[in-house]
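K.L.:
Just passing along the structure, written as structure tokens.
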Amino acid sequence: MRAYERTGVLSPTDLVLPTKQQLEKGVAILECVQEIPCNPCVDACPVHAISMKDINAPPVNDYEKCTGCAKCVGVCPGLAIFVVKQQGTKALITLPYEFLPVPSPGDVVQALDRVGAARQQATVKKVVKRGKTMVITVEVDAAVAMDIRNIRV
Ligand code: SF4
Ligand code: SF4
């Protein structure tokens with residue numbers, strides 16, 4: 001049994017993780033493991049990196065094709081896509097955000113893990129509006145790049 005089936009919360013061991021080189025390039029991590037009929041991420045990807053065996057299958061990202069453009073992040077109704085880009089001892093996490101207030105570049109926010117626990121402070125680097133979803137990039141320590149998946153403003 002996979003870890004999330006016991007806890008209800010995904011952990012990095014449930015995911016196919018990118019290599020160090022792929023992380024340094026920046027790639028989208030698809031934290032979508034349920035069998036649900038959904039595929040906007042597939043259509044949003046300009047380089048056709050995301051594929052699914054069928055409409056109910058979990059999506060798979062080809063990390064070699066993925067450019068880390070983050071176009072898939074704001075279209076996912078499950079808020080389940082995160083772009084992670086490692087830069088030395090720091091990492092940029094691009095995540096979907098649907099709360100208010102919306103932060104601005106330069107703001108310092110709380111970086112939260114998958115259970116909503118505050119892990120460290122993060123600096124907002126970029127804010128882009130995609131429909132009702134904001135796509136926000138924050139900088140955190142590289143050591144927590146696979147743990148930070150939300151923010152609190
Ligand atoms: S980050 Fe860009 S290239 Fe990578 S899967 Fe998402 S849309 Fe495709
Ligand atoms: S859009 Fe989001 S919820 Fe839908 S299949 Fe893609 S990753 Fe999963």
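K.L.:
Take V153 and tell me if it is at negative phi and more than 15 Å from the chain's Cα centre (by Cα).
P.N.:
yes
K.L.:
While we're here: Take the range 1-23 and flag every residue that is loosely packed, with under 13 Cβ neighbours inside 10 Å and modelled with pLDDT of 95 or more.
P.N.:
T19, K20, Q21
K.L.:
Would you call V138 outside any loop (DSSP other than H, G, I, E, B), touching a residue at least 12 places away in the same chain (Cβ under 8 Å) and within 15 Å of ligand 1 (Cβ to nearest atom)?
P.N.:
So V138 fails the test.
K.L.:
For the range 63-97, which positions are within 15 Å of the chain's Cα centre (by Cα) and either hydroxyl-bearing (S, T, Y) or within 13 Å of P18 (Cα to Cα) (or both)?
P.N.:
The answer is Y63, C66, T67, G68, F82, V83, V84, K85, Q86, T94, Y97.
Each row is one residue, and each column tells you yes or no for (1) modelled with pLDDT under 95; (2) within 14 Å of ligand 1 (Cβ to nearest atom); (3) not aromatic (F, W, Y).
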position: N56; (1), (2), (3): yes, no, yes
position: Y63; (1), (2), (3): no, yes, no
position: C76; (1), (2), (3): no, yes, yes
position: I81; (1), (2), (3): no, yes, yes
position: K85; (1), (2), (3): no, yes, yes
position: K90; (1), (2), (3): no, no, yes
position: P105; (1), (2), (3): no, no, yes
position: A111; (1), (2), (3): no, no, yes
position: R119; (1), (2), (3): no, no, yes
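K.L.:
Filter the range 45-60 down to the residues that are open to solvent by 70 Å² or more (accessible area, probe 1.4 Å) and either closer than 15 Å to I29 by Cβ or in contact with a Pro (Cβ under 8 Å, 6 or more places away or on another chain) (or both) and list them by number.
P.N.:
I55, V60
K.L.:
Identify the residue in the range 24-44 that is more than 13 Å from ligand 1 (Cβ to nearest atom) and aliphatic (A, V, I, L, M) and, among all such residues, is most open to solvent (accessible area, probe 1.4 Å).
P.N.:
Across the range 24-44, the extreme among qualifying residues is I36.
K.L.:
Keeping to the range 7-47, report how many residues are near ligand 2 (Cβ under 10 Å from one of its atoms), β-branched (V, I, T) and in a helix (DSSP H, G or I).
P.N.:
Result for the range 7-47: 1.
K.L.:
Mind listing whichever residues of the range 70-113 are within 15 Å of ligand 2 (Cβ to nearest atom) and in a loop (DSSP other than H, G, I, E, B)?
P.N.:
The answer is A70, K71, C72, C76, P77, G78, L79, A80, E98.
K.L.:
How many residues, within the range 114-133, are open to solvent by less than 60 Å² (accessible area, probe 1.4 Å), of a type outside the set (S, T, N, Q) and under 14 Å from K90 (Cα atoms)?
P.N.:
Adding up the residues that qualify gives 2.
The values are calculated or read from the model by the stated rules, or taken from the named source; none is laboratory data. Keep in mind that this is a model prediction, so the values were computed, not measured. Glycine also receives a Cβ, built like all others from the backbone with ideal geometry; neighbour counts cover every protein chain displayed. Protein only, heavy atoms only, side chains kept; ligands, DNA and RNA dropped before computing areas. Shrake-Rupley method; radii C 1.70, N 1.55, O 1.52, S 1.80 Å.
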